[in-house]
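Asker: This is the structure I have questions about; it appears just below.
The values are calculated or read from the model by the stated rules, or taken from the named source; none is laboratory data. None of the values given here were measured: they were computed from a predicted structure. Ideal geometry is used to build each Cβ from the backbone, glycine not excepted, and the neighbour counts take in all protein chains shown.
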Amino acid sequence: MTRVTLVLEKEGEKQLEYKSKIMIVDDDQTMKSSLLEWFESENYHVYGASSGEEAIEKISDGSFNIIITDLKMPGIDGLELLRYVKREHHNIEVIIMTAYGTVETAVNAMKEGAYDYVVKPFSPEEIDMVVKKIINHQSLIRENILLKEQLHELHRFESLIGKSSKMQDIYALIENIAPSNITVLIQGESGTGKELLARAIHNSSLRKEYPFITVSCGALPETILESELFGHEKGAFTGAITRKEGRFEMADKGTLFLDEIADMSQKSQVDLLRVLQEKEFRRVGGTELIKVDVRIIAATNKDLDKEVGEKRFRDDLYYRLHVTPINLPPLRDRHEDIPLLIKHFLEIYNKEYEREVRDVSPAAFNLLLQFSWPGNVRELEHVIEHSILMTRGDTIREENLPDKLKRTSNMNAEGDFLDIENESLKDRVEQFEKQSIIKALQNARGVKKKAASILGISPRNLSYFIKKYNM
Ligand SMILES: Nc1ncnc2c1ncn2[C@@H]1O[C@H](COP(=O)(O)OP(=O)(O)OP(=O)(O)O)[C@@H](O)[C@H]1O
Ligand SMILES: [Mg+2]
């Protein structure tokens, strides 16, 4: 049974396997043997030493966590042993055993870093309590380190989530190329995280204190794109009532993200190529040559190689951009990232909608894992957002998921959904949602709070639907 919460529980299991190793140091053989016997019977890994010297020798060939030592011993005594341990192996905790008359020395030992002391005669249970306290303390520290490492792994590049080997390769590549000014071309299907990756590169680079500027090259007509990229002078064309800085200038010392690069017109491609080659340009209607220092990251969801082959994209521009290509794999090729992404989006949307949906039922989880995700991470994000709003308790169940996830029989041979089926299904779900809301609002005589309670959702969610359907 796989559940999202298992992601962290796995680490917990690792910790249970971990056993503490204890050393008992005393020149009094009877004392040492009886303690050894008692701790062994309690299933501890326990070792003995009859002197400070023997203890030091043993410490270096075994990874001990706790040392329980007598204070008064011939040769290296307890205090000296403590000093050695704190100097050379500061993670080992030391408990001092002391006779009634030497309590004061034991207190001094605590000032030198001993964890605690016990006064002879003591019961084994008494010393065991201290041992348990140390083990707890040490496992908390370990847990913290593990969590920190995990967090570091997960958030190595801001919120770019993923632990699949494909994503790991990309992280390694970012680390290598981010500090340089090398041009990057990101290719990947829609919703795979191209913009997020571009931002991650910028934020890991030496340019991170300077702007990250985006241009959607495909969304703008040729003439507007030109003035967007290079700016224009006052009066350059009708409507140019003031001088305007272009995106190249805005991105000076920072990064310019050229999105949807394959959708640029031929003329824009020529303009862009010229700037990339000469690193200077003129504003539209201007004469002054402007020099800028920008790093270019381009992105496309098309196969740029094919676009070049079919003469829709200039090969000279392609080679300028294709210096470091990064291909973001579609989500269906890295299923192992899905649980982490679910967890990530649960956190984000619980916060945004003030909800406490913390888990996914096994059946729902399987559907999420099996789906082909034609819209990639963006689609998964929308599904989690939607499901949080549809969930009443703290667990997303099958019935809270959009129907498209349940209709696996509608997949084609490649595992992709047939769009027409999808559309009509989506329409039907929306129709149903709208009708339910209208009915509830009627029954509640327009009182939103009451309507929300009839529907079993929060007033905030109801407002979301009202806005969504323009009611
Ligand atoms: N690895 C990831 N970890 C966390 N969130 C991600 C990841 N990849 C994508 N996302 C999220 O998915 C959404 C889509 O990502 P983004 O806009 O970067 O995709 P894109 O490839 O640029 O898509 P398009 O081609 O449609 O422009 C964003 O909300 C982004 O935060
Ligand atoms: Mg994008």
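Asker: Any idea which of 360, 284 is assigned by TED's automatic domain parsing to the domain that holds residue 396 and in contact with a strand residue (DSSP E or B) (Cβ under 8 Å, 6 or more places away or on another chain)?
Answerer: 360
Asker: Considering only residues that are in a loop (DSSP other than H, G, I, E, B) and more than 21 Å from the chain's Cα centre (by Cα), look in the range 372-390 and name the one that is surrounded by the most Cβ atoms within 10 Å (Cβ to Cβ).
Answerer: 374
Asker: May I pose another question? Look through the range 208-233, keep the residues that are surrounded by 12 or more Cβ atoms within 10 Å (Cβ to Cβ) and free of Cβ contacts under 8 Å to residues at least 40 places away in the same chain, and return whichever of them is nearest to the chain's Cα centre (by Cα).
Answerer: 208
Asker: Same structure again: With a cut-off of at least 3 residues that are at positive phi, away from ligand 1 (no atom under 16 Å from the Cβ) and surrounded by 18 or more Cβ atoms within 10 Å (Cβ to Cβ), name the helices (runs of 4 or more DSSP H) lying wholly within the range 291-356.
Answerer: none
Asker: Return the only residue of 272, 369 being in a helix (DSSP H, G or I), within 26 Å of residue 213 (Cα to Cα) and modelled with pLDDT under 95.
Answerer: Among 272, 369, only 272 is in a helix (DSSP H, G or I), within 26 Å of residue 213 (Cα to Cα) and modelled with pLDDT under 95.
Asker: Then there is this: Please determine, by comparing only the residues of the range 264-281 that are surrounded by 15 or more Cβ atoms within 10 Å (Cβ to Cβ) and more than 21 Å from residue 311 (Cβ to Cβ), which one is farthest from the chain's Cα centre (by Cα).
Answerer: If we take residues in the range 264-281 being surrounded by 15 or more Cβ atoms within 10 Å (Cβ to Cβ) and more than 21 Å from residue 311 (Cβ to Cβ), then 281 is farthest from the chain's Cα centre (by Cα).
Asker: Among the residues of the range 308-315, are any among the acidic types (Asp, Glu), more than 28 Å from residue 160 (Cα to Cα) and modelled with pLDDT of 90 or more?
Answerer: Taking every residue of the range 308-315 in turn, at least one turns out to be among the acidic types (Asp, Glu), more than 28 Å from residue 160 (Cα to Cα) and modelled with pLDDT of 90 or more.
Asker: Report yes if residue 180 is among the hydroxyl-bearing types (Ser, Thr, Tyr), more than 13 Å from ligand 2 (Cβ to nearest atom), over 21 Å from residue 341 (Cα atoms) and in contact with a Pro (Cβ under 8 Å, 6 or more places away or on another chain), otherwise no.
Answerer: Spelling it out, it is not the case that residue 180 is among the hydroxyl-bearing types (Ser, Thr, Tyr), more than 13 Å from ligand 2 (Cβ to nearest atom), over 21 Å from residue 341 (Cα atoms) and in contact with a Pro (Cβ under 8 Å, 6 or more places away or on another chain).
Asker: Is the range 347-370 home to any residue that is within 16 Å of ligand 2 (Cβ to nearest atom), aliphatic (A, V, I, L, M) and within 26 Å of residue 160 (Cβ to Cβ)?
Answerer: No, the range 347-370 contains no residue that is within 16 Å of ligand 2 (Cβ to nearest atom), aliphatic (A, V, I, L, M) and within 26 Å of residue 160 (Cβ to Cβ).
Asker: Could you list, in sequence order, the residues of the range 48-70 that are under 43 Å from the mean Cα position of the chain (by Cα) and either more than 13 Å from residue 23 (Cα to Cα) or surrounded by fewer than 17 Cβ atoms within 10 Å (Cβ to Cβ) (or both)?
Answerer: Within the range 48-70, 58, 60, 61, 62, 63 meet the criteria.
Asker: Moving on to the next point. Going through 73, 97, 110 one at a time, which residue ends up being under 47 Å from the mean Cα position of the chain (by Cα) and surrounded by 17 or more Cβ atoms within 10 Å (Cβ to Cβ)?
Answerer: 97
Asker: Let me ask something else. Out of all the residues in the range 187-199, which are in contact with a Ser or Thr (Cβ under 8 Å, 6 or more places away or on another chain) and more than 6 Å from ligand 1 (Cβ to nearest atom)?
Answerer: Scanning the range 187-199 gives 187, 198.
Asker: Quickly run through the range 34-70 and pick out the residues that are touching a residue at least 40 places away in the same chain (Cβ under 8 Å) and of a type in the set (A, V, I, L, M, F, W, C).
Answerer: Result: 35, 38, 39, 64, 66, 67, 68.
Asker: While we're here: Is it fair to say residue 76 is touching a residue at least 60 places away in the same chain (Cβ under 8 Å) and closer than 24 Å to residue 103 by Cβ?
Answerer: Answer is no for this residue.
Asker: On to the next question. Would you mind finding the one in 251, 240 that is at pLDDT 90 or above and surrounded by 15 or more Cβ atoms within 10 Å (Cβ to Cβ)?
Answerer: Every option except 251 fails the conditions.
Asker: Something else: Report yes if residue 192 is more than 29 Å from the chain's Cα centre (by Cα), assigned to a loop (DSSP other than H, G, I, E, B) and not small (Gly, Ala, Ser), otherwise no.
Answerer: no
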